[in-house]
Amino acid sequence: VSELHEAITEDKLEIHYQPAITLDTGQVNNVEALVRWNHPEHGLLGPEEFIDLAEVSGLIRPLTRWTLDRAITDIAKLNAAGHPIGVSINVVGHSPAIRMHFSLCHQRILGLHKRPVSMRGYSASKAK
């Protein structure tokens, strides 16, 4: 648990982006953000190897906040550089705290880049 906490708080996680290609144009218009933990002893771990630990240890909220922040920031940078692309982020749980954090991320991105973000099955306007 302490290792996962350290990975979250010290920015030792990674986001890998899987492109979604539009078949008729061949263009990438969206990516899926996939969180990974490059563990110092066990190597690259997929979410199936640490999400349950995050849930039972109470680290799921900070992990989700980290993932939202990183993915939205990365995609906002791409958009600002002239590469209009969306991002899908799978979120475990839909607690009020996560929805509020999503709303804050949404407001920050709109303020910086004038591009809306949305959470699958959840509208940013409902988070206010």
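Observations, loosely collected:
- Every residue from the stretch 25-50 that is closer than 20 Å to residue 72 by Cα and part of a helix (DSSP H, G or I): 47
Each row is one residue, and each column tells you yes or no for (1) at pLDDT 90 or above; (2) hydrophobic (A, V, I, L, M, F, W, C); (3) surrounded by 13 or more Cβ atoms within 10 Å (Cβ to Cβ).
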| site | (1), (2), (3) |
| --- | --- |
| 45 | yes, yes, yes |
| 61 | no, no, yes |
| 70 | yes, no, yes |
| 77 | no, no, no |
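- Only one of 6, 14 that is at pLDDT 90 or above, outside any strand (DSSP E or B) and either closer than 22 Å to residue 87 by Cα or out of contact with any Asp or Glu (no Cβ under 9 Å at 6 or more places or on another chain) (or both): 6
- Filter result (touching a strand residue (DSSP E or B) at 6+ places or on another chain (Cβ under 6 Å) and more than 13 Å from residue 63 (Cβ to Cβ)) within the stretch 1-33: 16, 17, 18, 19, 20, 21, 22, 28, 30, 31, 32
The values are calculated or read from the model by the stated rules, or taken from the named source; none is laboratory data. Worth saying up front: this structure is predicted, and the values here are computed from it rather than measured. Here Cβ is always computed from backbone atoms with ideal geometry, including for glycine, and neighbour counts include all displayed protein chains.
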